[in-house]
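The values are calculated or read from the model by the stated rules, or taken from the named source; none is laboratory data. These numbers were taken from a predicted model, which means no experiment stands behind them. FYI the Cβ positions are ideal-geometry reconstructions off the backbone, even for glycines, and counts take in every protein chain you see.
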Amino acid sequence: MRCVNLLSFGDIFPQKTKSFISGMSHKNVQSLDQIVSLCKARGFIFQSSDIYGGLSAVYDYGPLGVELKRNIMNAWWRAMTQEHSNIVGVDAAIFMHPRVWEASGHVEGFNDPMIDDKQSKKRYRADMLIEQHILKLQEKGKGDPAKEAHAAEVQRLLDTAGTRKGMCEDLYEIIMEEEIHAPESGAFDWTEVRQFNLMFKTHYGATSQSDEDAIYLRPETAQGIFVNYKNVLDSARVQVPFGIAQIGKAFRNEVVARQFVFRMREFEQMEMQYFVEPGSDEAHYEQWLEKRMAWHRSIGIREEHLRVAPHPEDKLAHYARAAADIQYKFPIGWQEVEGVHNRTDFDLSRHQEYSGKKLEYFDQKAQKRYVPYVIETSVGLDRTTLMVLSDAYREEDVDGEQRTVLNIHPMLAPMKVGIFPLVKKPELQELAQKIETDLRRSHRVMYDEAGSIGKRYRRQDEAGTPFCITVDFDGLDDQTVTIRYRDDMRQERVSVDQIAGLIDSKMSF
């Protein structure tokens, strides 16, 4: 695959000087709170239903956030479909036949072990409680062989939970033996551990209320691709290997949902399922893992903040032959952004069994039939948005003054150009508004005439706007303006009739 060839910052700002960089100190994002604060202040992301006190783990995207999210989505879609002749798209409905989720295993097995604190009525994931307990033991046990051995034994018990009695019973026994207290209340008064299905359940039809009429909000978008596999095969003139891509909403009733948009109950996924001949799956898996890592680097994410974490063989999902997470170093630590999986023929075989429809592929050249294997790439759009914001965030000290800036790649930036008349004079406003009109045809631009130029620059820095144009009185005589670059704050004088071409040349893939 030829990945989206995004320009590097060095290409965009070729005259960035070493002396300037060495004279400017900066620090990256230190905590998630910094991102949350900036997102609300600048209109990236808001708490859903905020005026009513908010809805836990549900968020709304504001004016800047919706632009950033859409730009990321477009970059992914272009890299997946436009740059591949054998990958097509679908947009499957959120509601699907209930049998879909029986075939996929979600009805029976899409569960988390939960436990309730009787004192605070708070609900927790039992395995996460134990993991947090192990971390504390490891921290306290540094240099103490006995305590280190104790932490290792608890970890072993967690890893083998479900093999002695049952998952819920084993987890409850660990919590009791270790006397793990509730994080918020401090109480040691737990309910039994029980499995909690993460799918949102509702009823289909105006009068239906029975379980037989139950329907689910989809917990993932992949199944919408699998059930449309035959439709695409019959209509799109594709041949194995080929892929189907989709961007869409998914819903999970998480027991523990926290950490801003990293883990939500309503979220968006960008998935591509690549159908291959059995026997070629391992090679395709490795190729797609490399391609997906390259894509994350191409959108400006620093390489040292990315890593691949393969799943151990004994930890693989029931459908997977191989799996790996592409992780990013968030302020909350290394966390998964994207998963790449070799799903074998599990999904198509199950849907073939449950639907009674043949989902085999006939290879005319080899004169044989087979159920294709699937290589899946699944990336969270909301997590990718958080990753871009986290990686771009800087606090810089410039000549004794501090500025907050988002070094978002220009192709992803919500606003591309800020346009400022130097002062509120009709002749300057007229020229600035003409430039705004011209650029608005191809770019998102922001016209701003409020406050000093310095304050206007800072507002656009925090929004991640890569270019700012100032119209002054000299420009009325010679038809030139000052363009200022976000990352190094360098300024240069350019002709008005060259602005559009200059911006376009720095924005292209």
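Some observations on this one:
- Set Gly243, Gly224, Gly248: member being surrounded by 14 or more Cβ atoms within 10 Å (Cβ to Cβ), touching a residue at least 24 places away in the same chain (Cβ under 8 Å) and assigned to a helix (DSSP H, G or I): Gly224
- Any helices (runs of 4 or more DSSP H) falling wholly within the stretch 431-509 and containing at least 1 residues that are of a type in the set (S, T, N, Q) and in contact (Cβ under 8 Å) with a residue 12 or more places away in the chain: 453-463
- Which numbered condition Ala187 fails, given (1) free of Cβ contacts under 8 Å to residues at least 40 places away in the same chain; (2) in a loop (DSSP other than H, G, I, E, B); (3) not assigned by TED's automatic domain parsing to the domain that holds Ile332: (1)
- Annotation: of all residues in the stretch 398-454 being closer than 29 Å to Ser298 by Cα and basic (Lys, Arg), the one that is surrounded by the most Cβ atoms within 10 Å (Cβ to Cβ) is Lys416.
- Cβ pairs under 7 Å, 6+ apart, first in the stretch 358-379 and closer than 13 Å to Glu277 by Cα and assigned by TED's automatic domain parsing to the domain that holds Phe226, second of a type in the set (Ser, Thr, Tyr) and surrounded by fewer than 18 Cβ atoms within 10 Å (Cβ to Cβ): Glu360/Tyr370; Tyr361/Tyr370; Val371/Ser349
- Residue tally, condition among the aliphatic types (A, V, I, L, M), surrounded by 14 or more Cβ atoms within 10 Å (Cβ to Cβ) and not in a loop (DSSP other than H, G, I, E, B), over the stretch 153-184: 7
- Residue match in the stretch 269-276 (condition: in contact with a helix residue (DSSP H, G or I) (Cβ under 7 Å, 6 or more places away or on another chain), assigned by TED's automatic domain parsing to the domain that holds Val238 and in a loop (DSSP other than H, G, I, E, B)): no
- Arg78 meets all of the listed conditions (1) over 21 Å from the mean Cα position of the chain (by Cα); (2) of a type in the set (D, E, K, R); (3) closer than 17 Å to Ile247 by Cα but one, namely (1).
- Scanning the stretch 72-83 for any residue that is in contact (Cβ under 8 Å) with a residue 24 or more places away in the chain, assigned to a helix (DSSP H, G or I), among the basic types (Lys, Arg) and within 28 Å of Val232 (Cα to Cα) turns up at least one such residue.
- Between Ile21, Ile72, Ile12, Ile94, the distinction of being over 18 Å from the mean Cα position of the chain (by Cα), β-branched (Val, Ile, Thr) and modelled with pLDDT of 95 or more belongs to Ile94 only.
- Evaluating Gln367 against the criteria (1) within 14 Å of Ala463 (Cβ to Cβ); (2) surrounded by fewer than 17 Cβ atoms within 10 Å (Cβ to Cβ) leaves one unmet condition, (1).
- Output for the stretch 103-152, where each listed residue is assigned to a loop (DSSP other than H, G, I, E, B) and within 27 Å of the chain's Cα centre (by Cα): Gly105, Phe110
For (1) among the hydrophobic types (A, V, I, L, M, F, W, C); (2) touching a Ser or Thr at 6+ places or on another chain (Cβ under 8 Å); (3) under 22 Å from Pro312 (Cβ atoms); (4) assigned by TED's automatic domain parsing to the domain that holds Tyr319, each residue gets a yes or a no:
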residue: Ile115; (1), (2), (3), (4): yes, yes, no, no
residue: Lys122; (1), (2), (3), (4): no, yes, no, no
residue: Pro145; (1), (2), (3), (4): no, no, no, no
residue: Ala161; (1), (2), (3), (4): yes, no, yes, no
residue: Lys165; (1), (2), (3), (4): no, no, no, no
residue: Met176; (1), (2), (3), (4): yes, no, no, no
residue: Ile180; (1), (2), (3), (4): yes, no, no, no
residue: Pro183; (1), (2), (3), (4): no, no, no, no
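- Unmet criterion (only one of (1) surrounded by fewer than 18 Cβ atoms within 10 Å (Cβ to Cβ); (2) of a type outside the set (Lys, Arg); (3) more than 30 Å from Ile174 (Cβ to Cβ)) for Asn111: (3)
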